[in-house]
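So the structure is just underneath, and the comments pick up after that.
The values are calculated or read from the model by the stated rules, or taken from the named source; none is laboratory data. Predicted, not measured: the structure shown is a model, and the values here were computed from it. Virtual Cβ from ideal backbone geometry, glycine too; neighbours counted across all protein chains shown.
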Amino acid sequence: MSARSGSPAQSGSFDEIAVLHALEHYLPKQAPLKDFVHHNTLHAFQDSKFYDAARNASGIFGYSVSLKLDKYRSLYLDGEITPAVLDWVIRSRKGDQFELWKKKVVEEPFAPPSLPRIGSLRANWKRGHRVDLDSLVHPLLFRILCSYLDQGISIWTFPSNGEGFLSALRELEGNSLTSFFRGKRARKLLLEQDCSIADLLKILVRDESLFKHYLFDQQFAHPGWSGMVSVIEAQPETLIDRRKISLRELIVFELLLEIDALDAHFAEGWRPLLTEATGEPSDILAEVPETELHEVMAIWQDALEWSFYDPVLSAIQRQPSESPVLSDKTFQGLFCIDDRVCSFRRHIESLDPHCETFGTPGFFGVEFYFQPEHGKAYSKVCPGPIDPQYLIKETGNQDRREAEPHFSKHSHDLLGGWVFSQTLGFWSAIKLFNNIFKPSASPLSASSFRHMGRLSSLTIENRSPDDRENGLQIGFTVEEMAQRAENLLSSIGLIRDFAPLVYVVGHGASNTNNPHYAAYDCGACSGRPGSVNARVICAMLNHPDVRQILADRGIGIPAQTQFVGALHDTTRDEIAFYDESSLSPLNLERHRRNAAIFADALALNAKERSRRFALTDSQLPPERVHEAVKARAVSLFEPRPELNHATNALCIVGRRALSRRLFLDRRSFLNSYDYRVDPDGKYLLTILRAAAPVCGGINLEYFFSHVDNQKLGAGSKLPHNVMGLIGVANGNDGDLRPGLPSQMIEVHTPVRMMIVVEQFPEVVLQTIRQQSATWEWFANEWLNLVVVNPESHELFQFKDERFVPYRPLTERLDVAADLEKLFETQADNLPVYALN
Amino acid sequence: MAALLQIFIFLPLLGFLVSLTLPERDEARISRTAFVTVGAHLAGFGLFLLYWAISGFPTLELKEVDLFRAGDYEFFIDFLFDRITATYVFVGAFLTFMVLLYSRHYMHREAGYKRFFSTVLFFYAGYNMVVFSGNMETMFTGWEVLGITSFLLIAFYRDRYLPVKNAVKVFSIYRIGDIGLLLAMWMMHHLFDENVTFHMLENHAFVLEHLQSHAFVGALIALMILVAAAAKSAQLPFSSWLPRAMEGPTPSSAIFYGSLSVHIGVFLLLRSAPFWRDQLFVCLVIGLLGFATSVVASVIARSQSAIKSQIAYASIAQIGLIFIEIAAGFDTLALVHFAGNAFLRTYQLLVSPSVVTYLIREQFYNFVPRVHKVGGMLPKKLVYSLYMLSVREFNLDAFMYRYLWNPMKRLGNRLDFLTFWRVIGIFVPLYLLGLYFVYNRETLPGTITAVLPLVFSLVAAVLVLKSFTERKRARMTWLLAVMTHFWIALAISFNENFDFSESYLYLSGVAIAGVVGFLCLRRLKLLEGDIDLDRFHGHSWRHPKIAFVFLLCCLCATGFPISPTFVGEDLMFAHIQEGQVGLAFLTSFSFIIVGLSIIRIYARVFLGPHAKSVYEMAYKSS
């Protein structure tokens, strides 16, 4: 809790650097739209325990951090929160005070929580001075910021010398007949002085002990723009058209605008902020005291989560500890761990009982930057925290990019607009008509298949150590390939019994009219489709020299086995295979048969997904439903092309035998792992190091965007207006809206993710202790962790930094007799079922 | 054939009424009702167009009903159909149909699904009323519907601050336009000594004959029409409302502010063109206004970094050009331009979220560091100044505040001494006294009766000003607004040939609405305590029913065409005589401000973030 205590604010003196640092720590961390990566929305509080973090975040910043009390109670009455689980939670938290707390939890009324601290100081402008400072300052501030950071919407760009925001403003103000300021004083301050934050605050607030609180109030009145500025300050490369800016500059300019607004508003002069003494602590970040209501909410949240976990754990416990040995395997498939792939794998396995599927993060262990042909920049295609040293370039792409005249800047010119509206205008009417009655692909849409040309070539093998570009090595050496191939295969336990064909299936998404498109692609590829990675790892695994090295290390891949890269589009449920021409005639024959299975599985998958789409008729046969699902990706009017990670709640790290016979309702990430290959937890550490931030980040972003869609989410996307290509805002004068829009999270159930690991508890404990960042996720309860002993199938819950035995309360597991029937009739969350 | 016209007016109205009866959550039936209504409208209109074409494109006129007749005063609904109407109906029906189909999926699961479709249908009814209108009165009826539905759609997300604030802002600009229309109606009435129809205006000789002796009045009427058209079509100096209206769901922004609503000013100009086309001065003014707007708006469009604002200003610039085309007499070109611009901007707005995918991709493949250039060869100082002005939208948004609302507020603040009881204590006895003299007019000398209307209308103006600027007590504000109507009625009653009973028609709606509205506020105050007007309370969050009833009261009390007050308002104007410019001005001023004041009460008390649910509300800035 370093940032929350011991800051110098208590002593009354103002430390600018410390306060700026604290602000950056607490502001939203969402990058510009094109680089959208899921992360824990309350990342600033991750160093404390989940419920403490929630309490503090709520009391300080006014976030809602759980469902409403009434909502929990109605879930309880509806049976979604199991009474036995609730009792178990209360008992384990309150022991002998069970009756008392049960009453409090289930029926006692509670007064609403007191007002958050944020905003309380600056509210005095309105209360004491009768001036609404925010309405006077925000619209102009946002407008200027957006003009400065704009990536290509405006036709005229902000005149800038590249030396920073304030410098650009000085250049403008100094050489202009007009001014952004209404009065003379603020302009003079900007032009003639260095403008330290403290000096400006002295004019506005005077009392130095209030400065920190004032700045928090000010910046959290528009967390969207402030967060964006601090992200761009930290990673300037996130903008293709670079802009230099810092949070300090934003604050200085905002303070100047405030002084100016007050000068203009009070012609006769004004006094610094008048404050009334309140009982609040002087440090806005001080610990928020715990109340009974906090405890009640925590009990409800635990009860909601365990009502879901418990039947799942009970079901897992009942699974056979060894998978039946498959005789002649038809094929094997490697998929992303993504929860959206969970059902796809189930359908493939049910259509072909002789196949095997595996899950692993969708960058398949190959980390690099990708440069498409003619691309002016590199895209990172591996998890966010990794800093790749390799570059893969594409050549021979035959796809053509089409232009969309409706985005032509000329349509905004006076005369250009005159011509456009009399010509193109009528064509727009036809296009609108077409898209509404017969949606089809257009340059407007984002399509996963366009990430890489299907028939293009990639520079996968490094030719010489000198073959470098901008500090990156082009391609991998044979040794580097072998290393990655070995890591991948060992981590998922696929080191023997290879089928003749092994598919490596990355995934991506397609959608139209969706500024959040990057949030739909593969999270393990930094929000991009996984097609290049799939092809690259396959090329490595098919490389004869690599195979030789692998054989030397004990992984013998038969000569006839071939690896095939593919891309699964999770929105359209379509698949594309790469490099099919290099297959042997026999394998090509097999591939044709397998491709037909994939096609059928995709249609079934589309049908399963359609049960959540109220406007799609799930009763139709799978092929018909599939057509309707495909249309969603290209329909302008469809704000939910797919439901993405909504309802995610589980991550199973273990052999497929644990989950192959279970229906998990697309709620589980699945990471293959064989404890037998990994007695000392080496591969487990790699898996958890990636799974905790990726799955945890996704899960918690959905969690918080759901429980507070207004402050931690982006609200409804329907009124969104694209600002400078970097973010969305409501209307014309609004703040940026980080987080997920309501259309993405509305069907989500806010439960923290439970990671189930098939390994011995000692090994797991020793593994997660090795790395403090990973440890924090579990020890601070941002993720729940349960271990299944692979031999006895006993369960152990990770609690208070150790493993304690867990005995499930659920005693039966229903069998899903007819899944297709369920898909046709049920739209809500389904319980775990055994598959027959 | 003309009799068919009424179908096209009543069909959307019927759809609207049906939609009101449907349950909130029944998306399928709500959207189907809208879809069938507008679909039938579009199809029926297609057939009608064919029939009309076969008949040789005649101009059709239909005098529908006499709503009220007293002496030489006649309030009637009148319809007209010619190629202007044909174009507007076709574009309107097509786009509304498309956007409704679009919204069926787009709005799925949105809170307010029903509200959205009902409001769009009501808007569509108003739109048809305007474009089919055959006289000013009919047009004004539809015009009011457009105003209120725009308000409701901009404030669709009523739990957030900015949509509500901007809805009030746009509504107030619309009210300025309404003044123009009201005064134009009044002057035309006196110019022609009867309620003229647009069809009559096409009679060249008839218009010239009246204009000859009253050139000045003619110009004044045209300018008033221009004010109304400029306000509605976001021309200078009103332009800044258009981007701010884009607060609702994208399809509603696309259809209203991209296409239909914003081109209604153009329609008004086209419709009234036969009246002013021979006045060279007026043509020049319209042309110059269009020119100035198109230059300024296209400069502003160049620096917009938000996609919807950029489209909005580009559209305003085109409408400026359309104004020039109309002023120059190229009506057909203007109609083609209108249709093209409407389609183009609607589509651009609908696909605006795609701009990220598209431009980022373009940039990825074609990026060249941008040269920071503005304006080409001009000297740096000028270039920078132009850029800064353009970013600040030429201060247009501040302009209305600085020169209109703020002075009014300052004036109103001088009236702070008026407390609730003082208002009752002073103005009620005074009113009774005035009423006594109305019935006993002969007891007063003629000179006094002559000035009394002005005095009383001044009192009305003072009351309404107070009501508009009151920052505290909601109930008193309401009372003041209602009393304004009574004083206006009293003022007009002193005119000759006036029977006070005519005022009953006018005041009946106001009185009932006044009482019910007062009870709503009283009940709310009991339930919630604080309902002061110095901030938004958002009480519709917990009391949607009271909010709805109060909204109806507001509509009645503002003379919205659901109560007899609407006809009464026009009637009052008809009784203001030709020479009473002061009275006409004060009365129209009071009408406009009373509407604003009442909408302000509604917005402050019922809309905005719910003050008591801090944890569930969005940031004020979002």
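Only one of the numbered conditions (1) more than 7 Å from chain B (Cβ to nearest Cβ); (2) crowded, with 22+ Cβ neighbours inside 10 Å; (3) among the acidic types (D, E) is violated by A:E163, and that is (2). Suppose the filter is touching a Ser or Thr at 6+ places or on another chain (Cβ under 6 Å), in contact (Cβ under 8 Å) with a residue 40 or more places away in the chain, more than 19 Å from B:F566 (Cβ to Cβ) and in the same structural domain as B:I562 (by TED's automatic domain parsing); does B:T484 pass it? For B:T484, the condition - touching a Ser or Thr at 6+ places or on another chain (Cβ under 6 Å), in contact (Cβ under 8 Å) with a residue 40 or more places away in the chain, more than 19 Å from B:F566 (Cβ to Cβ) and in the same structural domain as B:I562 (by TED's automatic domain parsing) - is not met.
Residues checked against (1) at pLDDT below 90; (2) within 27 Å of the chain's Cα centre (by Cα); (3) not polar (S, T, N, Q):
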| site | (1), (2), (3) |
| --- | --- |
| B:F16 | no, yes, yes |
| B:I30 | no, yes, yes |
| B:G39 | no, yes, yes |
| B:I54 | no, no, yes |
| B:V65 | yes, yes, yes |
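Of the helices (runs of 4 or more DSSP H) lying entirely inside the range B:325-412, the ones with 3 or more residues being assigned by TED's automatic domain parsing to the domain that holds B:R271 and among the aromatic types (F, W, Y) are found at B:331-350. Look at (1) in contact with a Gly (Cβ under 7 Å, 6 or more places away or on another chain); (2) in a helix (DSSP H, G or I); (3) within 30 Å of B:L162 (Cα to Cα) and you find that B:S252 fails only one, number (1). Among the criteria (1) away from every other protein chain (no Cβ under 12 Å); (2) over 35 Å from the mean Cα position of the chain (by Cα); (3) closer than 20 Å to B:K380 by Cβ; (4) part of a loop (DSSP other than H, G, I, E, B), the one A:D194 does not fulfil is (3). With respect to (1) within 30 Å of A:H516 (Cβ to Cβ); (2) touching a Lys or Arg at 6+ places or on another chain (Cβ under 9 Å), the lone exception for A:K94 is condition (1).
Of all residue pairs spaced 6 or more apart or on separate chains, those with beta-carbon atoms under 8 Å, a first member in the range A:365-377 that is farther than 18 Å from A:A524 by Cα and a second member that is part of a strand (DSSP E or B) are A:P372/A:S379; A:P372/A:E394; A:E373/A:K393; A:E373/A:E394; A:E373/A:T395; A:G375/A:E394; A:A377/A:Q371. Just one of the listed residues (B:G248, B:G320, B:G258) is within 14 Å of chain A (Cβ to nearest Cβ), touching a helix residue (DSSP H, G or I) at 6+ places or on another chain (Cβ under 8 Å) and modelled with pLDDT of 95 or more, and it is B:G320.
When A:H25 is tested against (1) closer than 30 Å to A:K799 by Cα; (2) away from chain B (no Cβ under 14 Å); (3) surrounded by 21 or more Cβ atoms within 10 Å (Cβ to Cβ), exactly one condition is not met: (3). For B:Y157, state whether it is in a loop (DSSP other than H, G, I, E, B), surrounded by 23 or more Cβ atoms within 10 Å (Cβ to Cβ) and in the same structural domain as B:G258 (by TED's automatic domain parsing). Against the criterion (in a loop (DSSP other than H, G, I, E, B), surrounded by 23 or more Cβ atoms within 10 Å (Cβ to Cβ) and in the same structural domain as B:G258 (by TED's automatic domain parsing)), B:Y157 qualifies. One residue stands out among those in the range B:296-312 that are at the interface with chain A (Cβ under 7 Å from one of its Cβ atoms) and in a helix (DSSP H, G or I): the one that is surrounded by the most Cβ atoms within 10 Å (Cβ to Cβ), which is B:K308. Note on the range B:171-212: residues that are touching a residue at least 12 places away in the same chain (Cβ under 8 Å), under 18 Å from B:L223 (Cα atoms) and out of contact with any strand residue (DSSP E or B) (no Cβ under 8 Å at 6 or more places or on another chain) amount to 25. Taking the listed residues B:V614, B:V549, the one that is surrounded by fewer than 19 Cβ atoms within 10 Å (Cβ to Cβ), out of contact with any strand residue (DSSP E or B) (no Cβ under 6 Å at 6 or more places or on another chain), within 14 Å of chain A (Cβ to nearest Cβ) and farther than 22 Å from B:F75 by Cα is B:V614, with no other qualifying.
Filtered by the rule that a residue be aliphatic (A, V, I, L, M) and more than 11 Å from B:G177 (Cβ to Cβ), the range B:226-252 gives B:L236, B:L242, B:A245, B:M246.
When the range A:814-825 is limited to residues that are at pLDDT 90 or above and not in a helix (DSSP H, G or I), the one that is surrounded by the most Cβ atoms within 10 Å (Cβ to Cβ) turns out to be A:D814.
Every condition in (1) facing another protein chain (nearest Cβ under 9 Å); (2) out of contact with any helix residue (DSSP H, G or I) (no Cβ under 7 Å at 6 or more places or on another chain) is met by A:G128 except one, and the failing one is (1). Every condition in (1) touching a residue at least 60 places away in the same chain (Cβ under 8 Å); (2) of a type outside the set (G, A, S); (3) under 30 Å from B:T357 (Cβ atoms) holds for A:H43 except the one numbered (1).
For the range B:333-356, the criterion of a residue being of a type in the set (K, R) and modelled with pLDDT of 90 or more is satisfied by at least one position. Between A:L169, A:L189, which is among the aliphatic types (A, V, I, L, M), in contact (Cβ under 8 Å) with a residue 12 or more places away in the chain and under 29 Å from B:A301 (Cβ atoms)? Of A:L169, A:L189, the one residue that is among the aliphatic types (A, V, I, L, M), in contact (Cβ under 8 Å) with a residue 12 or more places away in the chain and under 29 Å from B:A301 (Cβ atoms) is A:L169.
Note on the range B:37-88: residues that are farther than 17 Å from B:T141 by Cα and in a helix (DSSP H, G or I) amount to 23.
Please verify whether the range A:630-639 includes one or more residues that are surrounded by fewer than 23 Cβ atoms within 10 Å (Cβ to Cβ), away from chain B (no Cβ under 13 Å) and under 24 Å from the mean Cα position of the chain (by Cα). Yes: one or more hits. Considering the range B:333-344, and only residues there that are touching a residue at least 40 places away in the same chain (Cβ under 8 Å) and more than 8 Å from chain A (Cβ to nearest Cβ), the residue that is surrounded by the most Cβ atoms within 10 Å (Cβ to Cβ) turns out to be B:F338. Just checking, does the range A:411-430 include any residue being assigned by TED's automatic domain parsing to the domain that holds A:G506, touching a His at 6+ places or on another chain (Cβ under 7 Å) and of a type in the set (F, W, Y)? Checked the range A:411-430: at least one residue is assigned by TED's automatic domain parsing to the domain that holds A:G506, touching a His at 6+ places or on another chain (Cβ under 7 Å) and of a type in the set (F, W, Y). A single entry from B:L533, B:L552, B:L507, B:L524 fulfils the requirement of being over 29 Å from B:W143 (Cβ atoms) and aliphatic (A, V, I, L, M): B:L524. Just the residues that are in contact (Cβ under 8 Å) with a residue 40 or more places away in the chain and not in a helix (DSSP H, G or I), please, taken from the range B:561-599. Those that are in contact (Cβ under 8 Å) with a residue 40 or more places away in the chain and not in a helix (DSSP H, G or I): B:P561, B:S563, B:P564, B:H575, B:I576, B:Q577, B:E578, B:Q580. A:P622 meets the conditions (1) crowded, with 20+ Cβ neighbours inside 10 Å; (2) in contact with a His (Cβ under 8 Å, 6 or more places away or on another chain); (3) closer than 19 Å to A:S350 by Cβ in every case but one. The failed one is (2). Residues in the range A:418-464 that are among the aliphatic types (A, V, I, L, M), facing chain B (nearest Cβ under 8 Å) and under 30 Å from A:F370 (Cβ atoms): A:L444, A:A446.
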